[in-house]
Amino acid sequence: MGEYRMLDWLEEQEQAGRKYANFINGEWVDSATGRTSPLYESARPNRKIGDFPDSGEEDVNRAVQAANEVFQSWRNTPGPARAGVLYRFADLLERNREELAYMLSAEQGKVLAESLGEVQRAANEARFAAGEAFRLDGQTLPSENNQIRAAVIRCPIGVVACIAPWNFPIVTPVRKVAPALAYGCTVVLKPASATPWSSVRLMEVLSEAGLPKGVVNLVLGSGSRVGDPLVSHPLVNGVSFTGSTELGLRINGIAAARLAKTQLELGGKNAALVLDYDNLEGAAEQIVAAAFACSGQRCTAISRVIVQKDLADRLNGHIIERMKAIKVGPAWADGAGMGPLIDKKQFESVKGYIDTGKREGAVLAYGGERLDMTGENGELGGCYLQPTLFTGVTRGMTIAKEEIFGPVLSVLEAADWEEAVELANATEYGLAVSIFTDRLELAGTLPDLIDVGMVHINHGTASQAHMPFGGVKRSGFGPFSIGHTNQEFFTNVKAVYTKSR
């Protein structure tokens, strides 16, 4: 997993000088537009990975038609057979874990340890989804008429559009595609245009696992030229989207206009509440890990710490100590714990929030500066930013309210747990919260009082591969993903009355 092994592998890919294509009906097909866009490494923006399709509506229509044509045969494939494909897919993800992690780190920028963990998480979720093919719920209910049998069954909804973000370019597509396949749906996948490379490899792995042609299709391109016609296509019956709240609201409006189902994983402004907790060093460790993984570019990142005033100074000291231990650098650097922001646009956005925080009166307690990682040969130049901590933050400040999506952590102080809950809820988002407390009554009471979809007590915001994942308010809409709740999105309920004679 060292530097030279990763760089040698990437060099081999670059020497191939590849031009990539869409994956439609089991074949690699050039875009009908004839246009391509170059993709560069996040940590080395002068190093091109390849050229990827800049697709359009005609490509989307071909992919949806392919998915629709194979839907009936795939839905009628026995559940155990569908599961078998997914079990083989999970095994292949693990077998190709190192290669996939290299690709992920190259295009997205996260450190190798995180990329390796993401691929393993994708395999775990695919394996759970495979089991869902055996667990599709149904009911036989008492009938009002002895001659009529009353039952409830579930049926796959049909073609699903899966729109994935750039921050988790392997696990998020798998999180959408795997349950769709388990429940008998077919798929058109549109990954983020900033991270298409991983999805190309996922199509190859799915094919190797034995997935029939047309069941999953890949169309690469921008949100406006690919995403819009995909969401509005009359043969697409469901849209599973992960991304910004603003774009999710727009997608929901388009889908709702034709009564298509949506599953939306949106933004977050997650808080860690530290209340009557003796192990402040342990809390700081959990908070820092949750705040700065993926360079803070994840919806479940902790971005606010709400701490009792009498604990604030000691907790801040522990947090800064942990932050200082984070080594910022490229994915392959020995001991690297945080990579660059994905690109210049994202860096400028995050840096703008840091400048706003200082201007509004927050105290910059640590970090906040760009780090120059350019080597002597000039091959490095990614957008590296120090992990950043603000103290003295109040609820009205911009950095306390808006999703930053970067390595910036804000500390607010509360007089007691009631004020802490009030501050936690004082945001338009409702994704996740961490609560650190030694008081059993608070551990039992606070989950009911905080408006979020996921509660973590005495640990960070790490989720598990079989538990429902989602949020409330402007953090999500529709059935939660990952867990068994997925069936509420990928299937429709059908009532069946059978008269014996």
Practice task
Examine the range 311-329 for a residue that is farther than 22 Å from Glu285 by Cβ and not small (Gly, Ala, Ser), and state whether such a residue exists.
Solution key: no
Completion exercise
Of (1) without any contact (Cβ under 8 Å) to a residue 60 or more places away in the chain; (2) in contact with a helix residue (DSSP H, G or I) (Cβ under 9 Å, 6 or more places away or on another chain); (3) surrounded by fewer than 20 Cβ atoms within 10 Å (Cβ to Cβ); (4) in a loop (DSSP other than H, G, I, E, B), Asp137 fails just (1)
Problem - Condition broken by Asp372, with the remaining ones in (1) surrounded by fewer than 19 Cβ atoms within 10 Å (Cβ to Cβ); (2) of a type outside the set (Lys, Arg); (3) touching a Lys or Arg at 6+ places or on another chain (Cβ under 8 Å) satisfied - result: (3)
Practice task
Within the range 299-325, work out how many residues are surrounded by 18 or more Cβ atoms within 10 Å (Cβ to Cβ) and in a loop (DSSP other than H, G, I, E, B).
Solution key: 3
Practice task
All but one of (1) surrounded by 21 or more Cβ atoms within 10 Å (Cβ to Cβ); (2) of a type outside the set (A, V, I, L, M); (3) out of contact with any His (no Cβ under 8 Å at 6 or more places or on another chain) hold for Glu418, so report the exception by its number.
Solution key: (1)
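When you look at Gly223, is it under 28 Å from Ala21 (Cβ atoms) and at pLDDT below 95, yes or no?
Here the answer is yes, as Gly223 does meet what is asked.
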Practice task
Report yes if some residue within the range 174-195 is of a type in the set (A, V, I, L, M) and surrounded by fewer than 24 Cβ atoms within 10 Å (Cβ to Cβ); otherwise report no.
Solution key: yes
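Those residues that are hydrophobic (A, V, I, L, M, F, W, C) and outside any loop (DSSP other than H, G, I, E, B), I need them from the range 464-487; list them, please.
Selection gives Phe469, Val472, Phe477.
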Fill in the blank from the handout: Apart from one, (1) closer than 26 Å to Val187 by Cβ; (2) free of Cβ contacts under 8 Å to residues at least 12 places away in the same chain all hold for Ala465; the odd one out is (2)
Completion exercise
Within the range 123-134, restricting to residues that are assigned to a helix (DSSP H, G or I) and in contact with a Pro (Cβ under 8 Å, 6 or more places away or on another chain), the one that is surrounded by the fewest Cβ atoms within 10 Å (Cβ to Cβ) is Glu132
Completion exercise
Across the range 232-270, the tally of residues that are farther than 17 Å from Leu431 by Cβ and in a loop (DSSP other than H, G, I, E, B) stands at 8
Handout entry: Residue within the range 400-407 that is assigned by TED's automatic domain parsing to the domain that holds Ala284, in a loop (DSSP other than H, G, I, E, B) and at pLDDT below 95 present
Key = no
Handout entry: Checklist (1) more than 24 Å from Val187 (Cβ to Cβ); (2) under 23 Å from the mean Cα position of the chain (by Cα); (3) among the charged types (D, E, K, R) applied to Arg47, failing item
Key = (2)
Exercise for the section: With the condition kept exactly as written, say whether any residue in the range 448-463 is assigned to a loop (DSSP other than H, G, I, E, B) and in the same structural domain as Ala133 (by TED's automatic domain parsing). Expected result: no
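The values are calculated or read from the model by the stated rules, or taken from the named source; none is laboratory data. Note that the structure is predicted; figures quoted are calculated from it, not measured. Note that each Cβ is placed from the backbone with ideal geometry, even for glycine, and that neighbours are counted across all protein chains shown.
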